[in-house]
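The values are calculated or read from the model by the stated rules, or taken from the named source; none is laboratory data. No experiment lies behind these values; they were computed from the predicted model shown. FYI the Cβ positions are ideal-geometry reconstructions off the backbone, even for glycines, and counts take in every protein chain you see.
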Amino acid sequence: MAQFGSGTNATFTPTASATTLNNGVLTMLTVGNVAKVKMINWGGSGTSLVGYITRWSRSTTAATGAATNGLITSTSPAITPVATFVLSYATTPPANVADTFLFRQNWNVQGGGGVVVLPIGGEWFVTGGALATVYSQIGCNNNTGAGADVSSYGMTWEE
C-alpha cells in the first residue's frame, strides 16, 4: 500500500470551535475504498504564549460548498491517492459532537508541536462513502487557540 501525506495546512487562521473540523479533513468518498491514518502532526511558530487545544475526530455532519484540497505527497511515485485532504469548504465545514475525539492535545503555539505515530493495528480507518457517512472523514480542529499563519496540522495515511 502507498502512503500519502497531507500538505500541512499552515497559511490560514484557524477558528476555535468545539465542533467545527476546520484545520483539515481527510475525506474518502469512493465507496469500497479504505485508508488508514498512520500519523498526525501539529506545530506552532507563534511569538506569544498562546495555549491551543487541538483534536482529531470523526465527522458527524456533511460539509457544504466547494472544497479546497491541500497538496498531497506520495511515497510511491506515479500512484495517485483516492482520498483527499480538504483544507476548507466554501460554505460549511464538517462538524462533530463536542468533546468527542480520537486524540486531543493541549499545547503552546510558541514553538510547541508534536507528532503521533499510531501503533500497528491501532491506525484510524477511513472507509469510502458519501459525506458524513460514518467513518468517511477524520478532521482536525482547535477547541481553543487561533492566530494567523502561526500553526500547522497534517496527517499521513495509507491506502
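Being at pLDDT 90 or above and touching a Ser or Thr at 6+ places or on another chain (Cβ under 9 Å) is the filter; apply it to the range 51-71 and report the residue that is surrounded by the fewest Cβ atoms within 10 Å (Cβ to Cβ).
Step one: filter the range 51-71 for residues at pLDDT 90 or above, giving 51-59.
Narrowing further to those that are touching a Ser or Thr at 6+ places or on another chain (Cβ under 9 Å): 51-55, 57-59.
Numbers: Gly51: 12, Tyr52: 24, Ile53: 16, Thr54: 26, Arg55: 21, Ser57: 24, Arg58: 20, Ser59: 24.
Among them, the one singled out is Gly51.
Could you go through the range 134-145 and let me know if any residue there is at negative phi and among the small types (Gly, Ala, Ser).
Yes: one or more hits.
Filter the range 13-48 down to the residues that are loosely packed, with under 15 Cβ neighbours inside 10 Å and at positive phi and list them by number.
Scanning the range 13-48 gives a single hit, Gly32.
Filter the range 70-103 down to the residues that are under 20 Å from Lys36 (Cβ atoms) and not in a loop (DSSP other than H, G, I, E, B) and list them by number.
Listed by number, the residues that qualify are Ile72, Thr73, Ser74, Thr84, Phe85, Val86, Phe103.
Read through the list (1) within 26 Å of Ala148 (Cβ to Cβ); (2) in contact (Cβ under 8 Å) with a residue 40 or more places away in the chain; (3) surrounded by 14 or more Cβ atoms within 10 Å (Cβ to Cβ); (4) not basic (Lys, Arg), then give the number of the only condition that Ala2 fails.
Answer for Ala2: the failing condition is (1).
Pick from Asn141, Asn106: which is farther than 25 Å from Ala2 by Cα, polar (S, T, N, Q) and crowded, with 16+ Cβ neighbours inside 10 Å? Even if it seems obvious, please write down each step before you answer.
Working: Asn106 fails: crowded, with 16+ Cβ neighbours inside 10 Å.
That would be Asn141, the only listed residue that is farther than 25 Å from Ala2 by Cα, polar (S, T, N, Q) and crowded, with 16+ Cβ neighbours inside 10 Å.
Kindly evaluate Ala98 against the criterion of being at pLDDT below 90 and surrounded by 20 or more Cβ atoms within 10 Å (Cβ to Cβ). Break it down stepwise before answering.
On the way: at pLDDT below 90: yes; surrounded by 20 or more Cβ atoms within 10 Å (Cβ to Cβ): no.
No.
Only residues in the range 57-84 that are on the phi < 0 side of the Ramachandran plot and of a type in the set (Lys, Arg) count as the first member; pair them with residues that are surrounded by 13 or more Cβ atoms within 10 Å (Cβ to Cβ) and assigned to a loop (DSSP other than H, G, I, E, B), Cβ under 6 angstrom, at least 6 apart or cross-chain, and list the lot.
From the range 57-84, no pairs qualify.
Can Ser17 be described as part of a loop (DSSP other than H, G, I, E, B) and more than 15 Å from the chain's Cα centre (by Cα)?
Values: part of a loop (DSSP other than H, G, I, E, B): yes; more than 15 Å from the chain's Cα centre (by Cα): no.
When the stated conditions are applied, Ser17 does not pass them.
Which members of the range 113-128 meet the condition of being touching a residue at least 60 places away in the same chain (Cβ under 8 Å) and more than 22 Å from Val31 (Cα to Cα)? Give the steps one after another, and end with the answer.
Within the range 113-128, the first condition is being touching a residue at least 60 places away in the same chain (Cβ under 8 Å), and the residues that meet it are 113-118, 123-128.
The answer is Gly113, Gly114, Val115, Val116, Val117, Leu118.
Just one of Asn41, Asn22 is in contact (Cβ under 8 Å) with a residue 40 or more places away in the chain, in a strand (DSSP E or B) and of a type in the set (S, T, N, Q); which is it? Break it down into steps so the answer makes sense when it comes.
Working: Asn22 fails: in a strand (DSSP E or B).
The conditions single out Asn41.
Could you tell me which of the residues Val116, Val126, Val86 is closer than 24 Å to Thr11 by Cβ and crowded, with 18+ Cβ neighbours inside 10 Å? Reasoning before the result, please.
On the way: Val116 fails: crowded, with 18+ Cβ neighbours inside 10 Å; Val126 fails: closer than 24 Å to Thr11 by Cβ.
Val86 is the lone residue from the list that is closer than 24 Å to Thr11 by Cβ and crowded, with 18+ Cβ neighbours inside 10 Å.
Are any residues in the range 43-81 of a type in the set (S, T, N, Q) and under 17 Å from Thr20 (Cβ atoms), and if so, which ones?
Thr54, Ser57, Ser59, Thr60, Thr61, Thr64, Thr68
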